[in-house]
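Q: Here it is, the structure in full.
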Amino acid sequence: MADDRAFVITGASSGIGAATARAAAAEGFNLVLAARSKDKLDALVTEVGSERAIAVETDVTEWESNERLIQAALDRFGRVDVVFANAGFGAARGWLKETPEHWRSMVLTNVLGAAYTLRAAIPSVKETKGHLIVTGSVAGRRALPGSLYSCTKWAVTAMGEAVRADLNDTGVRMTIVEPGMVDTPFFDNGAGPGALQPEDIARAVMYAVSQPPHVDVNEILIRPTVQPT
């Protein structure tokens, strides 16, 4: 059991974030759940138990919002042990498909938002010799045609390694989780048969978290067996 350890998750209102919250709750963690959809967060808090979880409405693209998130964790639980920078969304492939406004919002969320969350968390996580996790993608390992989303996930891959190297020998661990096709709200019409489920990714996250302190699982690349590339 995790006793009094606190697990912060952005993008927690659905998909991978919500599944990870349930998995972490099952392992005894206290939860700090963050997203812009406060009503969905409140429902998840009720599900896992309000005595061990709080919902914090958070816009990861705003630095002050990330600061408030970490402070809320400290105020409620007195510590921060695991931070999962999971907030993000995608865009249609094709360099002329999406609006420039959609692109801007996606880049701010997927790249700057993840960087802000990690930056806000590092001082507290260094205190507990805790764990930082960020959601990358198979698309951050190979460039997808016409995909600015893929470019944002390449940035996340570099971010994870940059943070790992920066925090080397502090006791803080850094993991990039890189899913392939996952059946989440990311896909408007579903990811198709054979796709991974959010719970599959949650198990991978908890695998990394469950390792002994001297083991740092830096990258986990996860494809469904039906995905060729």
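Q: Kindly establish whether PHE84 is touching a helix residue (DSSP H, G or I) at 6+ places or on another chain (Cβ under 7 Å), assigned to a loop (DSSP other than H, G, I, E, B) and not acidic (Asp, Glu). Spell out the reasoning first.
A: Working: touching a helix residue (DSSP H, G or I) at 6+ places or on another chain (Cβ under 7 Å): yes; assigned to a loop (DSSP other than H, G, I, E, B): no; not acidic (Asp, Glu): yes.
Considered against the rule, which asks whether it is touching a helix residue (DSSP H, G or I) at 6+ places or on another chain (Cβ under 7 Å), assigned to a loop (DSSP other than H, G, I, E, B) and not acidic (Asp, Glu), PHE84 comes out as no.
Q: Also, quick follow-up: Sort through THR170, THR152, THR229, THR184 and tell me the only one that's assigned to a helix (DSSP H, G or I), touching a residue at least 24 places away in the same chain (Cβ under 8 Å), out of contact with any strand residue (DSSP E or B) (no Cβ under 8 Å at 6 or more places or on another chain) and among the β-branched types (Val, Ile, Thr). First the steps, then the outcome.
A: On the way: THR170 fails: assigned to a helix (DSSP H, G or I); THR229 fails: assigned to a helix (DSSP H, G or I); THR184 fails: assigned to a helix (DSSP H, G or I).
Among THR170, THR152, THR229, THR184, only THR152 is assigned to a helix (DSSP H, G or I), touching a residue at least 24 places away in the same chain (Cβ under 8 Å), out of contact with any strand residue (DSSP E or B) (no Cβ under 8 Å at 6 or more places or on another chain) and among the β-branched types (Val, Ile, Thr).
Q: What's the number of the only condition in (1) surrounded by fewer than 17 Cβ atoms within 10 Å (Cβ to Cβ); (2) part of a helix (DSSP H, G or I) that SER50 fails to meet?
A: In the conditions (1) surrounded by fewer than 17 Cβ atoms within 10 Å (Cβ to Cβ); (2) part of a helix (DSSP H, G or I), SER50 misses (2) alone.
Table: residues versus (1) more than 26 Å from LYS129 (Cα to Cα); (2) modelled with pLDDT under 90; (3) touching a Leu at 6+ places or on another chain (Cβ under 7 Å).
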site: ASN189; (1), (2), (3): yes, yes, no
site: GLY192; (1), (2), (3): yes, yes, no
site: PRO198; (1), (2), (3): yes, no, no
site: ARG203; (1), (2), (3): no, no, no
site: VAL209; (1), (2), (3): no, no, no
site: HIS214; (1), (2), (3): no, no, no
site: VAL217; (1), (2), (3): no, no, no
site: ILE220; (1), (2), (3): no, no, no
site: THR225; (1), (2), (3): yes, no, no
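Q: Another question about this same structure. Quick one: ALA21 ticks every box in (1) at pLDDT below 95; (2) under 18 Å from ARG203 (Cα atoms); (3) not β-branched (Val, Ile, Thr) except a single one, so which number is it?
A: Going through (1) at pLDDT below 95; (2) under 18 Å from ARG203 (Cα atoms); (3) not β-branched (Val, Ile, Thr) one by one, ALA21 breaks only (1).
Q: Now a separate question. Here are THR46, THR10, THR20: which of them is out of contact with any Leu (no Cβ under 8 Å at 6 or more places or on another chain) and under 16 Å from VAL134 (Cβ atoms)?
A: Matching residue, one of THR46, THR10, THR20: THR20.
Q: Here are some residues: ASP42, ASP3. Which one is out of contact with any Lys or Arg (no Cβ under 9 Å at 6 or more places or on another chain), surrounded by fewer than 21 Cβ atoms within 10 Å (Cβ to Cβ) and at pLDDT below 95?
A: On the way: ASP42 fails: at pLDDT below 95.
One residue alone meets the criteria, ASP3.
Q: Next up: Looking only at region 193-214, count every residue that is in contact with a helix residue (DSSP H, G or I) (Cβ under 9 Å, 6 or more places away or on another chain) and of a type in the set (A, V, I, L, M) and tell me the total.
A: Keep residues of region 193-214 that are in contact with a helix residue (DSSP H, G or I) (Cβ under 9 Å, 6 or more places away or on another chain), which gives 197-203, 205-206, 209.
In the following step, the residues that additionally are of a type in the set (A, V, I, L, M) were identified as 201-202, 205-206, 209.
Qualifying residue count, region 193-214: 5.
The values are calculated or read from the model by the stated rules, or taken from the named source; none is laboratory data. Note that the coordinates shown come from a computational prediction; the quantities given were computed from them, not determined experimentally. FYI the Cβ positions are ideal-geometry reconstructions off the backbone, even for glycines, and counts take in every protein chain you see.
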